[in-house]
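Data block below; observations after.
A short reminder: the numbers here are calculations on the coordinates, not readings from a lab. Values in this document were obtained by computation on a predicted structure and should not be read as measured data. Don't worry about glycine lacking a Cβ; one is built from the backbone with ideal geometry, like all the others, and counts go over all protein chains shown.
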Amino acid sequence: MGFISEFKTFAMKGNVIDLAIGVVIGGAFGKIVNSLIGDVITPLLLKPAMDAAHLTNLHELVALGTVKYGVFLSEVINFVIVAFVLFIIIKAINAAKKKEEAAAPPAPPTQEQLLTEIRDLLKK
């Protein structure tokens, strides 16, 4: 098998294509999440503090003229919010998996049922 055909076989596997689609969708969804956090949630959470500091934008927080700690603070808040939301999602998925596992075990095969009935009849 030639190098090109081997690469084609590898690239056309379902897992590789699924991963590529996941990366593209994840990148697009990441922009939505960043906008939600940066443009909606963070300003709502920090509105009282920003009003007290007479600021309109978190990025205006600067120390010593060059240290933009407002940008850093914004990124830390973004991280905490994303991590918390992912924690909640994973917790919900794990709870759903536990419910599936806790469901009644499947009925034994017919042969086992018959053997159990025969055993019970012999005991009598």
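Counting residues in the chain as N, plug N into 2.2 N^0.38 Å and put the Cα Rg over that result.
2.06
Given Cβ point charges of +1 (Lys, Arg) and -1 (Asp, Glu) and nothing else, what value in debye, to the nearest 20, does the dipole of the chain about its Cα centre take?
So the magnitude is around 320 debye.
Picking from Lys91, Lys13, Lys99, which is most flexible by a Gaussian network model of the chain using Cα springs under 10 Å?
Highest fluctuation among the options: Lys13.
In whole Hz, with x marking every Gly and Pro, tabulate ³J(HN,Hα) for region 82-90 from phi via Karplus 6.51 cos²θ - 1.76 cosθ + 1.60, θ = phi - 60°.
4, 4, 5, 5, 5, 4, 5, 4, 5
Could you name the lysines in cross-link range of Lys68, using Cα to Cα under 23 Å and dropping any fewer than eight places away on the same chain?
Answer for Lys68, where 23 Å is the Cα cut-off: Lys31, Lys47, listed by chain and number.
Amide H neighbours of Leu61 under 5 Å, counting only residues 5+ apart in sequence or on other chains, H built in-plane at 1.01 Å?
Hits under the 5 Å cutoff: Gly70.
Rounding to the nearest 10 and keeping the result within 0 to 90°, find how far the Cα-based axis of helix 14-35 lies from the longest principal axis of the chain.
Here the helix axis deviates by roughly 40 degrees.
In sequence order, what are the phi-derived ³J(HN,Hα) couplings for region 40-55 according to the Karplus relation 6.51 cos²θ - 1.76 cosθ + 1.60 with θ = phi - 60°, rounded to whole Hz, with x for glycine and proline?
10, 6, 4, x, 5, 5, 9, 3, x, 5, 5, 5, 5, 8, 6, 10
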